[in-house]
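Q: Below are the structure tokens for one structure; questions will follow.
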Amino acid sequence: MPFETHLNPLLDAAALTRFDALRPEHVTPAVNHLLAAARATLAATAATTAAATWDNVVTPLEDATDRLARAWGAVSHLNAVLDSPALRAQYNDNLPRVTAFWTELAQDARLCARYRALSEGADFDRWSAVKKKVITNALRDFRLGGADLAPQERQRFSALREQLARASARFAENVLDSTQHFELLVDDVRALAGVPDDVLPMYRAAAQAEGKDGHRITLHAPSYLPIMQYAHDRALRERVYRAYVTRASEFGRPEWDNGALMVELLRDRQQLAALLGYRNYAQMSLVPKMAQEPGQVLEFLRELACRAKPHAEREMAELRDFAARELDLSDLQAWDVAYASERLREQRFDYSEQEARQYFSEDAVLAGLFRLSEILFSVRIRPDQAATWHPDVRFYRIEAPCGSLLGQFYLDLYTRSHKQGGAWHGNARGRRGNRGNRGNDATPVSFLTCNIAPPIGASDGPAVAASAAPARLTHREVITLFHEFGHGLHHLLTRVDEPAVAGMHGVEWDAVELPSQFLENFAWQWEVLQGMTARAADGAPLPRSLYDKMRAARNFQSGMQMVRQLEFALFDLQLHSEIDWSQPANANANTIQRLARAVQREVAVVIPPDEQRLGQSFTHIFSGGYAAGYYSYKWAEVLSADCYSAFDEGGAPLDAALGARFRDQILAVGGSRPALESFVAFRGRPPTIDALLCASGLDVTTGTSAIAASA
Ligand SMILES: [Zn+2]
């Protein structure tokens, strides 16, 4: 290994990436080195003529790819949380090369043959179910990667994959750039009437950070949402709303318009699927999922829509009435919906999100979340030390009761410039266990990223000042934090030794959200909430009376929320299954817009203005891996609501025995067996949609569940 590799954090064999030392100029040399090493191993493994064994096929491949995946994972993560021109350039330069490598690996016919030899070998029947699953998954993925294609088609296939990766990255950049570009400076605070007092300093801090006076409003969620919910000034709401729903469209800068890019992505995906013999991209996308066919998913979504839409319509009619009567808004528009809803919520339930927010101080919330996990899953969570990419990032360890290390995680909570919006879980390192003389064991490590407003006075500074008041979370943000932590527990509490099916690896896509959505339910429990709140002014815990109001409001407009998600899911699935993108007549952004409108007419109750562009900023499906998979949120919600209903039935939300069963049957087994088997092992029966409808306050009538029917 050349001398410089010791100075390159991406090549350091140290257990944790030294993020403090990682510079953009490290990326290319590291990628060069790791790609060469991985390719050499691949070639040697493919060329071996000895009989195929686990140790001469699976182990070397895993070792070679693990180092590359970890290094590139660190680069991608940094690119998402600390974007800079230099890093973005490095990321974009190397992305096609890394993607090309994975494509090569996935379509390597010789390696595929070695795996096939393993599956046909005399030993196969004696292997554990876990090892068999690793092999059958690998054979499936080789097929999906194009390994069975003729050489010329294979080349076409990999060219398409590279094109897709580049276009996806550009799609996300365009959304980020157009989000960051918008700003509205408000000098006179009276123009922001209605916006809660404790939100205003955030706008002032944002202006100051740019060397400007007044209040700076941007399209980042913590800045955008309070305007939509609280600003009395209708024209202000309209202006911000229109900017938000037209991001990355033809109404902004041409270089950030995602219109043509979407068509390119859809056309290339369709070609990819066609090369493998699938009718459309949705059909191909469902192969590693629980759902079997696009038609089955459509039926599932429409069954939910059928149950939810009457509720949504009733809720919308109520809102219109209220807005006309109380707010003098006789023609309720899309930019009024959040505002009027918040007023109605306040009137009906007599509290505001901001009132509840006073109680959710970051420290108390984290302590409560950790305590919950400790009780349910018999673990201990403690602060730990690691080099990070920003002083605000924290690091923790999860231990077994005996003190042995199970996993670690980074927690990056605050919104910053140059950090992508939203919340997500990332895999920093996967579990590798019981490797004996085959190499080093490793415990899993997670990246947990949120975007809550930082403590005032700390925005974009080098670090949060010690004197700053702790950050406050809305209850919505608490739920998001629980959600991402659920992903973290899935990754960190796995007991599977084989990395390919440990944690979230190898779990069917549409079941991946089960643990995350499951954990969200606990953020609604009194037993959990009472211990995780401390009011800003005096440290007082959440009063029971406020909690009761929050519970009563939980299903406020749940029908409207449900149809909103179904709108996204139907739009996504139909984009990828019902339109032939190879037809020149279809290949333009208008086709996408027409479908968005048709789906809105079918299920939506809030009809946006004509210039709204649903697709152009839909990063989940155009750059986030949810293509023909957005339905997974609802699908997994059926599973998670049904799992959680076991706790409700037991009457004790902190039931440690049930928690242990959830850990053993769902979290610990990861992707080592089909998700449906894991579900049944926990629940004792197949899933039904009733628990979700019931939890959402929507009517339960008897009917077949699409998931149960497919089981
Ligand atoms: Zn999730």
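Q: Would you mind ranking Y631, Y644 so that the residue whose beta carbon has the fewest other beta carbons within 10 Å leads the list?
A: By the 10 Å Cβ count, ascending, the order reads Y644, Y631.
Q: Over all Cα pairs of the chain, how is the pair count split among 20 Å bins, expressed in % and running from 0 up to the last occupied bin?
A: Calculated P(r), rounded to whole percents: 16, 53, 29, 2, 0.
Q: Over the Cα atoms of region 182-245, how large are the radius of gyration and the largest Cα-Cα distance (Dmax), in Å?
A: Expressed in Å, the Cα Rg and Dmax of region 182-245 come to 10.5, 28.
Q: Projected area of region 569-638, taken from the Cα convex hull and averaged over every viewing direction, in nm²? Don't skip to the end; give the middle numbers.
A: Working: hull surface 21.3 nm².
Convex hull of Cα atoms, orientation-averaged projection: 5.3 nm².
Q: Treating the angle as unsigned and between 0 and 90°, give the value, to the nearest 10°, between the Cα long axis of helix 589-603 and the longest Cα principal axis of the chain.
A: The answer is roughly 60 degrees.
Q: Where q = 0.18, 0.19, 0.21 Å⁻¹, what log10 of I(q)/I(0) comes from the Debye formula for region 348-423, counting one point per Cα?
A: At q = 0.18, 0.19, 0.21 Å⁻¹ the computed log10 ratios are -0.90, -0.96, -1.05.
Q: Can you give the % of DSSP beta bridges in the chain that are antiparallel, to the nearest 5?
A: Rounded to the nearest five, the antiparallel share is 75 percent.
Q: Then there is this: Helix-only estimate, please: 222 nm mean residue ellipticity of the chain, summing -39500 (n - 2.57) across DSSP H runs of length 4 or more and dividing by its residues, to the nearest 500.
A: On the way: 27 runs with 378 residues, N = 711.
Using -39500 (n - 2.57) per qualifying helix, the result is -17000 deg cm²/dmol.
Q: Now for a different question. Calculate the tail of P(r) for region 271-358: the fraction of all Cα-Cα distances greater than 19 Å, expressed in %.
A: More than 19 Å apart: 62 percent of the Cα pairs in region 271-358.
Q: What's the local net charge at A243, with K and R +1, D and E -1, over the other residues with C-beta under 13 Å away?
A: In short, +3.
Q: Out of residues 5 or more away from L406 or on other chains, whose amide H comes under 5 Å of its own, with H placed 1.01 Å from N in the peptide plane?
A: Under 5 Å from the amide H of L406: I398, E399, A400.
Q: Which angle between 0 and 90 degrees, to the nearest 10, do you get for helix 54-81 versus the longest principal axis of the chain when only C-alpha atoms count?
A: Once rounded, one gets 30 degrees.
Q: Per the Debye formula with a single identical scatterer at each Cα and no solvent contribution, what log10 I(q)/I(0) holds for region 127-229 at q = 0.17 Å⁻¹?
A: -0.83
Q: Under a cut-off of 18 Å between alpha-carbon atoms, report the aspartates and glutamates in cross-link reach of K419, not counting same-chain residues fewer than 8 places apart.
A: Here the aspartates and glutamates satisfying the reach criterion relative to K419 are D20, D83, E173, D177, E183, E210, D392, D460, E477, E484.
Q: For a footprinting-style exposure proxy, rank D213, D125, D648 by other Cβ within 10 Å, fewest first.
A: Values: D213 11, D125 7, D648 15.
Ordered by Cβ neighbours within 10 Å, fewest first: D125, D213, D648.
Q: What residue among T49, L149, L366 has its Cα farthest toward the positive end of the dipole of the chain, where the charges are +1 on Lys, Arg and -1 on Asp, Glu, each on the Cβ?
A: Final value for the positive-end residue is T49.
Q: A follow-up question, please. Considering only the other residues whose Cβ falls under 11 Å of the Cβ of F300, what net charge follows from Lys and Arg at +1 and Asp and Glu at -1?
A: Computed value for this residue: -2.
Q: Follow-up question, since we're still on this one. For D363, D12, which order do you get if you count the other beta carbons within 10 Å of each Cβ and list the fewest first? Mind showing how you got there, number by number?
A: Details: D363 11, D12 18.
Result, fewest neighbours first: D363, D12.
Q: Ordered by residue, what ³J(HN,Hα) values in Hz, to whole numbers, does region 36-45 give under the Karplus form 6.51 cos²θ - 1.76 cosθ + 1.60, where θ = phi - 60° and Gly and Pro are x?
A: 5, 5, 5, 5, 5, 5, 4, 4, 5, 5
Q: Convex hull over the Cα atoms of region 5-148, averaged projected area in nm²?
A: On the way: hull surface 37.8 nm².
That works out to 9.5 nm², a quarter of the Cα hull's surface.
Q: In addition: With the Cα gyration tensor of region 213-302 in hand, convert its eigenvalues to equivalent ellipsoid semi-axes via √(5λ) and list them largest first in whole Å. It would help to have the intermediate numbers written out before the result.
A: Numbers: eigenvalues 304, 71, 21 Å².
Semi-axes (√(5λ), whole Å): 39, 19, 10.
Q: Next up: Against the longest alpha carbon principal axis of the chain, how many degrees, from 0 to 90 and to the nearest 10, is the axis of helix 234-245 turned?
A: Its long axis makes an angle of about 10 degrees.
Computed from the coordinates by the stated procedures, all read-outs in this text should not be read as laboratory data. These numbers were taken from a predicted model, which means no experiment stands behind them. Cβ coordinates were reconstructed from backbone atoms using ideal geometry, including for glycine residues, and neighbour counts include every protein chain displayed.
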